[in-house]
Amino acid sequence: MDEQTARHWDEMYRARERQWSGRPNPHLVDVVGALPPGSALDLGCGEGGDAVWLARQGWRVTAVDVSATALERSAAAVTAAGVASLVDFQRHDLARTFPAGRFDLVSAQFLQSPLDFPRAQVLRAAVRAVAPGGRLLVVEHGAVPPWGAAEHRHVRFPTPQETLAELDLDPDGWHVERLDAPQRQATGPNGEAGTLIDHLVLVRRR
Ligand SMILES: C[S@@+](CC[C@H](N)C(=O)[O-])C[C@H]1O[C@@H](n2cnc3c(N)ncnc32)[C@H](O)[C@@H]1O
(Lines give C-alpha, C1' and ligand atoms only; values in the text may rest on other atoms or scores of the structure.)
Protein backbone atom coordinates (compact mmCIF):
# COMPACT_ATOMS: atom_id res chain seq x y z
CA MET A 1 0.00 0.00 0.00
CA ASP A 2 1.44 3.35 -0.96
CA GLU A 3 0.67 5.55 2.07
CA GLN A 4 0.64 8.76 0.06
CA THR A 5 -1.95 7.34 -2.35
CA ALA A 6 -4.12 6.03 0.47
CA ARG A 7 -3.88 9.35 2.33
CA HIS A 8 -4.75 11.38 -0.77
CA TRP A 9 -7.97 9.46 -1.40
CA ASP A 10 -8.92 9.19 2.28
CA GLU A 11 -8.58 12.95 2.60
CA MET A 12 -10.65 13.49 -0.53
CA TYR A 13 -13.45 11.35 0.93
CA ARG A 14 -13.23 12.78 4.44
CA ALA A 15 -13.51 16.33 3.09
CA ARG A 16 -17.22 15.67 2.56
CA GLU A 17 -19.78 13.51 4.27
CA ARG A 18 -20.56 12.07 0.86
CA GLN A 19 -18.47 12.53 -2.27
CA TRP A 20 -20.59 10.84 -4.96
CA SER A 21 -24.33 10.59 -5.59
CA GLY A 22 -24.81 7.01 -4.40
CA ARG A 23 -26.43 6.21 -7.74
CA PRO A 24 -24.81 3.68 -10.06
CA ASN A 25 -22.82 4.98 -13.02
CA PRO A 26 -25.18 5.37 -15.99
CA HIS A 27 -23.03 3.53 -18.56
CA LEU A 28 -22.65 0.58 -16.20
CA VAL A 29 -26.43 0.38 -15.90
CA ASP A 30 -26.78 0.73 -19.65
CA VAL A 31 -24.30 -2.02 -20.50
CA VAL A 32 -24.79 -4.45 -17.63
CA GLY A 33 -28.55 -4.10 -17.19
CA ALA A 34 -29.03 -6.38 -20.18
CA LEU A 35 -26.61 -9.09 -18.98
CA PRO A 36 -27.36 -12.15 -16.85
CA PRO A 37 -25.75 -11.78 -13.41
CA GLY A 38 -22.53 -13.56 -12.50
CA SER A 39 -19.35 -12.48 -10.73
CA ALA A 40 -18.17 -8.87 -10.94
CA LEU A 41 -15.03 -7.01 -9.97
CA ASP A 42 -15.47 -3.28 -9.29
CA LEU A 43 -12.08 -1.52 -9.46
CA GLY A 44 -11.97 1.74 -7.48
CA CYS A 45 -15.45 1.21 -6.05
CA GLY A 46 -15.59 4.56 -4.24
CA GLU A 47 -18.66 4.83 -2.02
CA GLY A 48 -20.28 1.70 -3.40
CA GLY A 49 -23.04 3.00 -5.69
CA ASP A 50 -22.13 0.51 -8.41
CA ALA A 51 -21.59 -2.39 -5.97
CA VAL A 52 -25.06 -1.87 -4.48
CA TRP A 53 -26.67 -1.75 -7.91
CA LEU A 54 -24.79 -4.81 -9.18
CA ALA A 55 -25.68 -6.82 -6.07
CA ARG A 56 -29.32 -5.80 -6.42
CA GLN A 57 -29.22 -7.23 -9.95
CA GLY A 58 -27.95 -10.51 -8.47
CA TRP A 59 -24.23 -10.12 -9.19
CA ARG A 60 -21.66 -11.41 -6.68
CA VAL A 61 -19.33 -8.46 -6.35
CA THR A 62 -15.72 -8.03 -5.32
CA ALA A 63 -15.30 -4.31 -4.68
CA VAL A 64 -11.85 -2.81 -4.36
CA ASP A 65 -10.50 0.56 -3.34
CA VAL A 66 -7.31 1.99 -1.86
CA SER A 67 -9.24 4.25 0.51
CA ALA A 68 -10.34 2.76 3.84
CA THR A 69 -12.89 5.57 4.15
CA ALA A 70 -14.41 4.72 0.77
CA LEU A 71 -14.59 1.05 1.73
CA GLU A 72 -16.28 1.87 5.07
CA ARG A 73 -18.89 3.95 3.25
CA SER A 74 -19.40 1.22 0.65
CA ALA A 75 -19.85 -1.39 3.36
CA ALA A 76 -22.48 0.80 5.04
CA ALA A 77 -24.24 1.28 1.68
CA VAL A 78 -24.50 -2.44 0.88
CA THR A 79 -25.69 -3.18 4.42
CA ALA A 80 -28.36 -0.47 4.17
CA ALA A 81 -29.44 -1.95 0.83
CA GLY A 82 -29.67 -5.47 2.33
CA VAL A 83 -27.15 -6.95 -0.13
CA ALA A 84 -24.04 -7.20 2.06
CA SER A 85 -23.87 -10.98 1.65
CA LEU A 86 -23.23 -10.52 -2.08
CA VAL A 87 -20.31 -8.10 -1.77
CA ASP A 88 -16.74 -8.83 -0.75
CA PHE A 89 -14.70 -5.70 -0.06
CA GLN A 90 -10.95 -5.75 -0.50
CA ARG A 91 -8.47 -2.99 0.10
CA HIS A 92 -5.80 -2.84 -2.58
CA ASP A 93 -3.49 -0.24 -3.97
CA LEU A 94 -3.98 -1.50 -7.51
CA ALA A 95 -0.56 -0.17 -8.43
CA ARG A 96 0.86 -2.86 -6.13
CA THR A 97 -1.62 -5.67 -5.62
CA PHE A 98 -4.62 -6.96 -7.51
CA PRO A 99 -7.52 -9.17 -6.35
CA ALA A 100 -7.27 -12.87 -7.16
CA GLY A 101 -9.76 -14.66 -9.37
CA ARG A 102 -11.54 -14.37 -12.69
CA PHE A 103 -14.81 -12.53 -13.17
CA ASP A 104 -17.67 -12.38 -15.67
CA LEU A 105 -17.49 -8.60 -15.46
CA VAL A 106 -14.56 -6.37 -14.60
CA SER A 107 -15.63 -2.76 -14.27
CA ALA A 108 -13.37 0.28 -14.00
CA GLN A 109 -15.52 3.39 -13.67
CA PHE A 110 -13.56 6.62 -13.56
CA LEU A 111 -10.52 4.84 -12.16
CA GLN A 112 -8.50 7.98 -12.84
CA SER A 113 -6.01 9.59 -10.56
CA PRO A 114 -4.16 12.91 -10.35
CA LEU A 115 -1.30 10.99 -8.71
CA ASP A 116 1.22 8.72 -10.37
CA PHE A 117 -0.84 5.71 -11.42
CA PRO A 118 0.38 2.82 -13.61
CA ARG A 119 -2.77 2.87 -15.71
CA ALA A 120 -1.67 0.46 -18.45
CA GLN A 121 -0.36 -2.04 -15.89
CA VAL A 122 -3.63 -1.96 -13.94
CA LEU A 123 -5.76 -2.19 -17.09
CA ARG A 124 -3.79 -5.22 -18.26
CA ALA A 125 -4.27 -6.89 -14.88
CA ALA A 126 -7.98 -6.14 -15.35
CA VAL A 127 -7.84 -7.89 -18.73
CA ARG A 128 -6.27 -10.98 -17.14
CA ALA A 129 -9.04 -11.04 -14.52
CA VAL A 130 -11.80 -11.51 -17.12
CA ALA A 131 -13.20 -15.06 -17.27
CA PRO A 132 -13.87 -16.74 -20.64
CA GLY A 133 -17.02 -15.17 -22.11
CA GLY A 134 -16.72 -12.28 -19.64
CA ARG A 135 -16.39 -8.56 -20.23
CA LEU A 136 -14.19 -5.65 -19.28
CA LEU A 137 -15.92 -2.26 -19.14
CA VAL A 138 -13.75 0.84 -18.81
CA VAL A 139 -15.49 4.19 -18.49
CA GLU A 140 -13.49 7.36 -18.00
CA HIS A 141 -13.86 11.09 -18.23
CA GLY A 142 -13.30 12.17 -21.81
CA ALA A 143 -13.13 15.86 -20.96
CA VAL A 144 -13.08 18.10 -17.92
CA PRO A 145 -16.69 18.97 -16.98
CA PRO A 146 -17.83 22.47 -18.05
CA TRP A 147 -17.79 23.48 -14.37
CA GLY A 148 -14.25 22.13 -13.86
CA ALA A 149 -11.50 24.45 -12.62
CA ALA A 150 -9.90 26.60 -15.31
CA GLU A 151 -6.43 25.17 -14.60
CA HIS A 152 -7.69 21.68 -15.49
CA ARG A 153 -9.24 22.61 -18.84
CA HIS A 154 -6.07 21.73 -20.76
CA VAL A 155 -6.08 18.14 -19.47
CA ARG A 156 -6.25 15.66 -22.30
CA PHE A 157 -7.64 12.21 -21.53
CA PRO A 158 -6.76 9.02 -23.43
CA THR A 159 -9.19 8.33 -26.27
CA PRO A 160 -11.15 5.05 -26.27
CA GLN A 161 -8.86 3.88 -29.12
CA GLU A 162 -5.75 4.68 -27.04
CA THR A 163 -7.19 2.81 -24.07
CA LEU A 164 -7.99 -0.18 -26.26
CA ALA A 165 -4.40 -0.17 -27.53
CA GLU A 166 -3.12 -0.08 -23.94
CA LEU A 167 -5.09 -3.23 -23.12
CA ASP A 168 -2.84 -5.04 -25.58
CA LEU A 169 -5.50 -7.64 -26.41
CA ASP A 170 -4.95 -10.71 -28.55
CA PRO A 171 -7.36 -9.94 -31.44
CA ASP A 172 -8.25 -13.63 -31.78
CA GLY A 173 -9.22 -13.87 -28.13
CA TRP A 174 -11.34 -10.74 -27.77
CA HIS A 175 -14.30 -9.04 -29.36
CA VAL A 176 -14.66 -5.25 -29.13
CA GLU A 177 -18.32 -4.57 -28.31
CA ARG A 178 -18.15 -0.80 -27.80
CA LEU A 179 -15.57 1.89 -28.37
CA ASP A 180 -17.12 5.32 -28.17
CA ALA A 181 -17.42 8.68 -26.48
CA PRO A 182 -21.02 9.04 -25.31
CA GLN A 183 -22.31 12.36 -24.02
CA ARG A 184 -24.72 12.81 -21.13
CA GLN A 185 -26.42 15.68 -19.40
CA ALA A 186 -25.43 16.29 -15.80
CA THR A 187 -25.75 18.86 -13.05
CA GLY A 188 -22.68 20.50 -11.53
CA PRO A 189 -21.99 21.13 -7.85
CA ASN A 190 -23.79 24.48 -7.95
CA GLY A 191 -26.79 23.21 -9.85
CA GLU A 192 -25.45 24.23 -13.29
CA ALA A 193 -26.53 22.05 -16.24
CA GLY A 194 -23.83 20.79 -18.60
CA THR A 195 -22.82 18.09 -21.06
CA LEU A 196 -20.28 15.50 -20.00
CA ILE A 197 -18.21 13.43 -22.39
CA ASP A 198 -17.17 9.97 -21.29
CA HIS A 199 -14.81 7.51 -22.95
CA LEU A 200 -16.10 3.96 -23.05
CA VAL A 201 -14.38 0.67 -23.90
CA LEU A 202 -16.27 -2.62 -23.66
CA VAL A 203 -14.49 -5.83 -24.67
CA ARG A 204 -15.52 -9.46 -24.36
CA ARG A 205 -13.21 -12.44 -23.99
CA ARG A 206 -14.15 -15.17 -26.46
C1 LIG B 1 -12.79 9.12 -9.38
S2 LIG B 1 -13.06 7.91 -8.14
C3 LIG B 1 -14.33 6.87 -8.87
C4 LIG B 1 -15.10 6.10 -7.84
C5 LIG B 1 -16.22 5.20 -8.40
N6 LIG B 1 -15.73 4.21 -9.32
C7 LIG B 1 -17.28 6.04 -9.06
O8 LIG B 1 -17.42 6.00 -10.28
O9 LIG B 1 -18.01 6.75 -8.32
C10 LIG B 1 -11.61 6.92 -8.25
C11 LIG B 1 -11.57 5.84 -7.16
O12 LIG B 1 -10.41 5.05 -7.37
C13 LIG B 1 -9.76 4.82 -6.13
N14 LIG B 1 -8.34 4.66 -6.41
C15 LIG B 1 -7.47 5.60 -6.85
N16 LIG B 1 -6.23 5.11 -6.95
C17 LIG B 1 -6.31 3.80 -6.57
C18 LIG B 1 -5.35 2.76 -6.43
N19 LIG B 1 -4.05 2.95 -6.71
N20 LIG B 1 -5.79 1.54 -6.01
C21 LIG B 1 -7.11 1.34 -5.73
N22 LIG B 1 -8.04 2.29 -5.82
C23 LIG B 1 -7.65 3.51 -6.22
C24 LIG B 1 -10.07 6.07 -5.31
O25 LIG B 1 -9.97 5.89 -3.93
C26 LIG B 1 -11.49 6.40 -5.75
O27 LIG B 1 -12.44 5.78 -4.92
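The values are calculated or read from the model by the stated rules, or taken from the named source; none is laboratory data. Because the structure is predicted, anything quoted here is derived from the model rather than measured. A quick note on method: Cβ atoms are made from the backbone with ideal geometry, for glycine too, and the neighbour counts reach across all protein chains shown. Calculation scope for accessible area: heavy atoms of the full protein, side chains included, ligands and nucleic acids excluded. Shrake-Rupley method; radii C 1.70, N 1.55, O 1.52, S 1.80 Å.
General remarks:
- Modelled label reach - R7, point 7 Å along Cα→Cβ, the range 95-119 residues with backbone N closer than 16 Å: 115-116
- Rolling a 1.4 angstrom probe over the protein heavy atoms with all chains in place gives the range 50-206 an accessible area of 49 Å² per residue.
- For the chain, the relative contact order is 17 percent, taking Cα pairs closer than 8 Å that sit 6 or more residues apart in sequence and dividing their mean separation by the residue count.
- The range 41-109 shape via C-alpha gyration tensor axes, a/c threshold 1.5: oblate
- Scoring 68-77, 123-132, 110-119 by mean Cβ neighbours within 10 Å over their residues and listing the highest first yields 68-77, 123-132, 110-119.
- Shape category assigned to the range 24-140 from the gyration tensor of Cα positions, a/c cut at 1.5: oblate
- Amide hydrogen neighbours beyond the local backbone of E177, cut-off 5 Å, H modeled: L202, V203, R204
- Relative contact order (%) - the range 1-120, alpha-carbon pairs under 8 angstrom, separation at least six: 29
- A simple spin-label model places the labels of A34 and V155 3.1 nm from each other, with each point 7 Å out along Cα-to-Cβ.
- Taking the protein heavy atoms of the range 107-157 in the context of the full set of protein chains, the accessible area attributed to carbon and sulfur is 56 percent at 1.4 Å.
- Measure of compaction for the chain (Cα Rg per 2.2 N^0.38 Å): 0.98
- Here, the range 124-206 has an Rg and a Dmax of 15.4, 48 Å when only alpha carbons are counted.
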